[in-house]
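The structure appears below as structure tokens.
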Amino acid sequence: QALLSQIPRRPDEQYTLEKVYYFTARISHYQRSDPQKVMRQKVYHRAIESTGVEIIEGMFREKELGCHNCGQPYRTHEEKMTDVAIACKALELCYKNETDAIVFVTGDTDQIPPLQYVKSHFSNVKRVVAFPWKRVNRELRLYADSDVSLSPSSYQSNQFPDTIIPAQGKPITKPPTW
């Protein structure tokens with residue numbers, strides 16, 4: 001809701017935030033090297049779900065790359081299906097006539113196709129891009145009706161408290177770092 005208040009709009013426009021979707025992938029591939037990182041993600045997911053946010057998960061897939069300097073192969077992980085899931089959810093909301101505006105919190109140009117599609121097929125749906133700190137993308141900006149750049153203060157003023165009391169289940173304690 002705090003994010004919504006930062007989005008530029010005409011004085012006659014009014015919005016009600018109906019639903020927030022969070023698109024991510026579980027970082028279970030860190031279980032051996034950094035189990036605390038995996039635990040912090042689980043705690044964060046519980047925290048945002050306790051506020052009514054719906055998590056939509058992609059996945060990480062192992063990928064082999066070659067070192068640019070020596071050519072030696074190494075393995076890494078790549079997030080998959082998240083961009084497609086974002087596009088599918090945006091189109092689903094439009095086709096079901098469940099939205100008047102869609103806010104994409106991203107700086108990723110992979111979201112240009114869904115923004116274009118919404119513009120050409122659902123001209124009544126406002127397209128807004130909220131750019132994460134230092135992730136403004138001029139190309140992406142061209143496909144939005146409006147945009148906002150999130151500042152460090154917008155992150156600081158929207159932190160969870162140290163203890164979150166969900167409607168059901170045990171209290172959630174915020175770790176020192178996410």
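The values are calculated or read from the model by the stated rules, or taken from the named source; none is laboratory data. All of these numbers come straight from a predicted model, not from anything done at the bench. Neighbour counts are summed over all protein chains in view; Cβ atoms, including those assigned to glycine, are modelled from backbone coordinates with ideal geometry. For the accessible areas, the whole protein counts, side chains as well, though only heavy atoms, and no ligand, DNA or RNA atoms are used. Shrake-Rupley method; radii C 1.70, N 1.55, O 1.52, S 1.80 Å.
Couple of notes before you dig in:
- Quick note on segment 81-158: its Rg to Rh ratio, both from C-alpha atoms and Rh being the Kirkwood radius, is 0.98.
- Using heavy atoms of the protein chains and a probe of 1.4 Å, the accessible area assigned to ASP83 is about 50 Å².
- Size of charge dipole - the chain - debye, nearest 20, with Cβ of Lys, Arg +1 and Asp, Glu -1, no other charges: 440 debye
- Segment 56-70 residues near the modelled TYR117 label - backbone nitrogen below 19 Å, point 7 Å along Cα→Cβ: 56-59
- The stretch between ARG138 and CYS67, if pulled fully straight at 0.36 nm per residue, gains 22.5 nm over its current Cα-Cα span.
- The length gained by stretching the chain between SER153 and ASN97 to full extension, at 0.36 nm per residue less their Cα-Cα distance, is 16.8 nm.
- The lysine pair tally for the chain, using Cα distances under 20 Å and a gap of 8 or more places or different chains, is 14.
- The modelled label-to-label distance between THR163 and GLU79, using points 7 Å beyond Cα along the C-beta direction, is 3.2 nm.
- The chain - percent of accessible surface contributed by carbon and sulfur, probe 1.4 Å: 49 percent
- Largest GNM mean-square fluctuation across ASP34, ASP100, ASP145, computed for the chain with C-alpha springs under 10 Å, falls on ASP34.
- Per residue solvent-accessible surface (Å²) - the chain, probe of 1.4 Å: 67 Å²
- In percent, rounded to a whole number, the relative contact order of segment 32-84 is 28, using alpha-carbon pairs under 8 Å and six or more apart.
- Under-5 Å amide H pairs with LYS174, H placed in peptide plane, nonlocal only: THR163, ILE164
- For segment 53-63, Karplus couplings with θ = phi - 60° (6.51, -1.76, 1.60), whole Hz, Gly/Pro x: 5, 9, 8, 10, 9, x, 7, 9, 10, 5, 9
- In this simple spin-label approximation, VAL20 and THR173 carry label points 7 Å from Cα along the Cα→Cβ vector, and these lie 2.4 nm apart.
- Once the Kirkwood radius over Cα pairs is known for segment 1-156, the Stokes-Einstein relation at 10 °C and 1.306 mPa s delivers a diffusion coefficient of 90 µm²/s.
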